[in-house]
Amino acid sequence: MLFRGACVLGGVFLAQAFASHALADEGIVGDPAAGRKAAGMCRTCHGVDGYARIPIAPHIGGEPAPYLVHQLTAFRDGTRTHEMMSVVAKSLTDQQIADLAAWYASQVALASLPEGVSEDAAPESCVACHGATGLSELEDAPNLAGETVMYIDTQLKAFRTGKRSHEIMSAIAADLSNEDIRSLAEWYADIDLKIEPAK
């Protein structure tokens, strides 16, 4: 497999965390307990602990809070669109976004590769940001461990076609064939993900 545009520029992801830092600058701090209550609206797709219940929804338990804040803010403000998430996020306040992010980030994501598989075989273009085991290495990069092939395939193709836009991901996805995308999706989908509930 040939994957160009390796994520060595991973630090640029941090620039995407402005929404989270803006909330912090405004004195808005997420309350996990309040976020758990608000998560009732999320549980059908993502589960109350962040383990997705449907194959097209991502696991969000244990995601970095800045990533969750950034995505929810993008859905609310229309810079990212989705038929369900755009509707759900539209009415969220900054405080509710911070609370939801704090709740889901308080879960603990644990990932393990299949038996006999080495981290050295992980996709070179992904590990700097998403980790060899699919757990994020950066504040504003999502975990990919245990996501379904369908979900990862859909998102990478969205970056490739311009339906989604990101300074790093758009450039990486532009060079990926359908076969490359499938291979990347299968690597992360084969990783076993467990989410330990927040205590």
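The values are calculated or read from the model by the stated rules, or taken from the named source; none is laboratory data. Predicted model, so just to flag it, every value in this text is computed and none were measured. Cβ sites come from the backbone with ideal geometry, for glycine too, and all protein chains shown count toward neighbours. Side chains are part of the model used for accessible areas, which takes the heavy atoms of the whole protein and leaves out ligands, DNA and RNA. Shrake-Rupley method; radii C 1.70, N 1.55, O 1.52, S 1.80 Å.
Taking segment 182-199 as the range and being among the hydroxyl-bearing types (Ser, Thr, Tyr) and either farther than 13 Å from LEU135 by Cα or open to solvent by 90 Å² or more (accessible area, probe 1.4 Å) (or both) as the test, only SER183 passes. Just one of GLU119, GLU124, GLU137 is open to solvent by 40 Å² or more (accessible area, probe 1.4 Å) and within 12 Å of the chain's Cα centre (by Cα); which is it? Being open to solvent by 40 Å² or more (accessible area, probe 1.4 Å) and within 12 Å of the chain's Cα centre (by Cα) holds for just one of GLU119, GLU124, GLU137, which is GLU137. Scanning segment 158-170 for residues that are open to solvent by 20 Å² or more (accessible area, probe 1.4 Å), in contact (Cβ under 8 Å) with a residue 60 or more places away in the chain and in contact with a Phe, Trp or Tyr (Cβ under 9 Å, 6 or more places away or on another chain) yields HIS166, GLU167. If you go through segment 38-52 and keep only what is out of contact with any His (no Cβ under 7 Å at 6 or more places or on another chain) and either buried (at least 22 other Cβ atoms within 10 Å of the Cβ) or under 18 Å from TYR151 (Cβ atoms) (or both), you end up with CYS42, ARG43, THR44, CYS45, HIS46, GLY47, ASP49. With respect to (1) open to solvent by 30 Å² or more (accessible area, probe 1.4 Å); (2) within 15 Å of the chain's Cα centre (by Cα), the lone exception for LEU144 is condition (1).
Pull up segment 105-126, narrow it to residues that are touching a Pro at 6+ places or on another chain (Cβ under 9 Å) and not in a strand (DSSP E or B), then point me to the one that is nearest to PRO197 (Cα to Cα). Checked segment 105-126; the qualifying residue nearest to PRO197 (Cα to Cα) is GLN107.
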